[in-house]
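Here's the structure, in structure tokens; my notes come after.
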Amino acid sequence: MNDQMKETQNLADKVMFPTYGRVPITLVRGEGCRVWDEDGKEYLDFVGGIAVCSLGHSAPLVSQALANQSKTLVHVSNLYYTKPQTELAQLLVGNSFADRVFFCNSGAEANEAALKLARRYSMEKFGTGRHTIISMTGSFHGRTMATLSATGQEKIQKGYDPLLAGFKFVPFNDLSALEEAVDDSICAVMLEPIQGEGGVVCPQEGYLKGVKEICLKRNLLVIFDEVQVGMGRTGKLFAHEHYGVTPHIMTLAKALGNGLPIGAMLSTEDLSSTFGPGSHATTFGGTPLVTAVAKAVVKSILEDGWLDNCRAMGEYFRGRLGDLQKKYAFIKEVRGVGLIVGVELDQAGAPVVDACREKGFLVNCAQEKVLRFVPPLIIGKEEIDALVEALDEIFGAM
Ligand SMILES: Cc1ncc(COP(=O)(O)O)c(C=O)c1O
């Protein structure tokens, strides 16, 4: 490691909160599916900013939209109408179950909006005492007080007591547990169609439909958190499209801006009057700058063939990983949809992550034992082959 790279890291460790267990590389440049560190070493990026940079790094259409809009209008406040915000909302509504959009700045903030909307709607429609939200064990919904209270992982909640009241957890993929948990205090059920941070956990056949049926029977709202798996990650614009079921509320962030911070909460028309003037707001939500970029991103995902590429490359990738599974008994399962791919090992994944980095591949690990791959949707066979060959060598030496 050169002195400059060490210097940057030493300084960062001194002046910033140590909230992140960082990998000892300093990244300075990215292009397509590749990034480079301060030493000039190249990496193929199968993390993509954790499912954010779906069109790749330094995507020309992003740079162009950013440059153009930055010279036109960056921010004016939501006191006023702006065109990019309206056009992005129209694009999202036109390509989803939803009729209404609220823009914010992150996944957690989109989920905050969803939780607030669900509670307020229930209060207006059914009165007080019906405010509890059921979410899933192993879920991840963010780090704000409400979203960590909704997150079914003790390690995320540790040390932040008292958590917000009004959250209840049931196991993912267990319809009977959900049915049993519903009582008169419940207003909504919140879940990720595919759990990302939970270790790429996919819904069983009929599960999401079953959740919706239970909710409809009991007048509960269904909230799908598509922050990680939305925006084309699974080969359809939204993950729930694979399962023939729509929510009442959906949250988005991550890939929506390809790296610019933006979140969105979408819902059906009947919920819209609940968020009347003054009920919810954010200064930076949906600035002309980020929404102009997000509009270009969504259009490209829809029109430039990336959903097809995602489906084809996801299938190819899982096929090649399946071959590795036949060879190495410590691979328990290969799973995923489109380009959210998990490889569950019977041992810690961290040494594999480190070995991949040594060989020039960025990958990461969820829940200690699940290697998670969420590369840009523009990835090709050659790049997948290169990673699989590196994994074969690493696994062979284990
Ligand atoms: C499913 C899901 N929801 C919410 C979040 C929180 O998003 P953010 O980090 O933008 O607040 C994440 C982040 O990983 C996520 O994966």
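The values are calculated or read from the model by the stated rules, or taken from the named source; none is laboratory data. Since the model is a prediction, treat every value here as computed from it, not as a measurement. So basically every Cβ, Gly included, is an ideal-geometry build from the backbone, and we count neighbours across all protein chains shown. Heads up: the accessible areas ignore ligands, DNA and RNA and are worked out on the full protein's heavy atoms, side chains in. Shrake-Rupley method; radii C 1.70, N 1.55, O 1.52, S 1.80 Å.
For residues in the range 260-313 being of a type in the set (Ser, Thr, Tyr) and part of a helix (DSSP H, G or I), which is farthest from the ligand (Cβ to nearest atom)? Spell out the reasoning first.
First pass over the range 260-313, keeping only residues of a type in the set (Ser, Thr, Tyr): 267-268, 272-274, 279, 282-283, 287, 291, 300.
Those still in the list that are part of a helix (DSSP H, G or I) too: 272-274, 291, 300.
Working: 272: 23, 273: 26, 274: 22, 291: 17, 300: 21 Å.
Across the range 260-313, the extreme among qualifying residues is 273.
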Residue within the range 45-61 that is farther than 23 Å from residue 293 by Cβ and either of a type in the set (Asp, Glu) or open to solvent by less than 40 Å² (accessible area, probe 1.4 Å) (or both) present: yes
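List the strands (runs of 3 or more DSSP E) that sit entirely inside the range 26-112 and contain at least 1 residues that are within 22 Å of residue 283 (Cα to Cα).
On the way: elements: 27-31, 34-37, 42-45, 100-104.
Fully inside the range 26-112 and qualifying: 100-104.
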Some residue of the range 99-112 being open to solvent by less than 40 Å² (accessible area, probe 1.4 Å), at pLDDT 95 or above, more than 18 Å from the chain's Cα centre (by Cα) and away from the ligand (no atom under 16 Å from the Cβ): no
Number of the condition not met by residue 6 [criteria: (1) within 16 Å of the ligand (Cβ to nearest atom); (2) part of a helix (DSSP H, G or I); (3) under 30 Å from residue 391 (Cα atoms); (4) not hydrophobic (A, V, I, L, M, F, W, C)]: (1)
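Of everything in the range 12-39, what is touching a strand residue (DSSP E or B) at 6+ places or on another chain (Cβ under 9 Å) and surrounded by fewer than 18 Cβ atoms within 10 Å (Cβ to Cβ)? Give them in sequence order.
Keep residues of the range 12-39 that are touching a strand residue (DSSP E or B) at 6+ places or on another chain (Cβ under 9 Å), which gives 23, 25-38.
Once the filter is applied, which keeps residues that are touching a strand residue (DSSP E or B) at 6+ places or on another chain (Cβ under 9 Å) and surrounded by fewer than 18 Cβ atoms within 10 Å (Cβ to Cβ), the range 12-39 yields 23, 27, 28, 29, 31, 36.
In this structure, does residue 155 turn out to be out of contact with any helix residue (DSSP H, G or I) (no Cβ under 8 Å at 6 or more places or on another chain) and basic (Lys, Arg)? Quick ask: steps written out before the conclusion?
Numbers: out of contact with any helix residue (DSSP H, G or I) (no Cβ under 8 Å at 6 or more places or on another chain): yes; basic (Lys, Arg): yes.
Criteria met by residue 155.
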Pairs where the first residue, in the range 328-339, is free of Cβ contacts under 8 Å to residues at least 24 places away in the same chain and the second is crowded, with 19+ Cβ neighbours inside 10 Å and of a type in the set (Val, Ile, Thr), C-beta under 6 Å, 6+ apart: 334/343
Within the range 340-369, considering residues that are touching a residue at least 40 places away in the same chain (Cβ under 8 Å) and in a strand (DSSP E or B), the one surrounded by the most Cβ atoms within 10 Å (Cβ to Cβ): 342
Odd one out for residue 329 among (1) open to solvent by less than 50 Å² (accessible area, probe 1.4 Å); (2) in a loop (DSSP other than H, G, I, E, B); (3) among the small types (Gly, Ala, Ser): (1)
Neighbours by Cβ (under 6 Å, 6+ apart or cross-chain): first from the range 191-219, assigned to a loop (DSSP other than H, G, I, E, B) and of a type outside the set (A, V, I, L, M, F, W, C); second open to solvent by 20 Å² or more (accessible area, probe 1.4 Å) and more than 12 Å from the ligand (Cβ to nearest atom): 199/367; 204/173
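Right, residue 304: under 24 Å from residue 260 (Cα atoms), open to solvent by 40 Å² or more (accessible area, probe 1.4 Å) and among the charged types (D, E, K, R) or not?
Numbers: under 24 Å from residue 260 (Cα atoms): yes; open to solvent by 40 Å² or more (accessible area, probe 1.4 Å): yes; among the charged types (D, E, K, R): yes.
So residue 304 fits the description; yes.
Name the residues in the range 221-261 that are small (Gly, Ala, Ser), open to solvent by 10 Å² or more (accessible area, probe 1.4 Å) and without any contact (Cβ under 8 Å) to a residue 40 or more places away in the chain, would you? Don't jump to the end; show me each part of the working.
Let us first name the residues in the range 221-261 that are small (Gly, Ala, Ser), namely 230, 232, 235, 239, 244, 253, 255, 257, 259.
Narrowing the set further to residues that are open to solvent by 10 Å² or more (accessible area, probe 1.4 Å) leaves 244, 259.
Answer for the range 221-261, where residues must be small (Gly, Ala, Ser), open to solvent by 10 Å² or more (accessible area, probe 1.4 Å) and without any contact (Cβ under 8 Å) to a residue 40 or more places away in the chain: just 244.
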Residue among 151, 144, 82 that alone is in contact (Cβ under 8 Å) with a residue 24 or more places away in the chain, within 14 Å of the ligand (Cβ to nearest atom) and hydroxyl-bearing (Ser, Thr, Tyr): 144
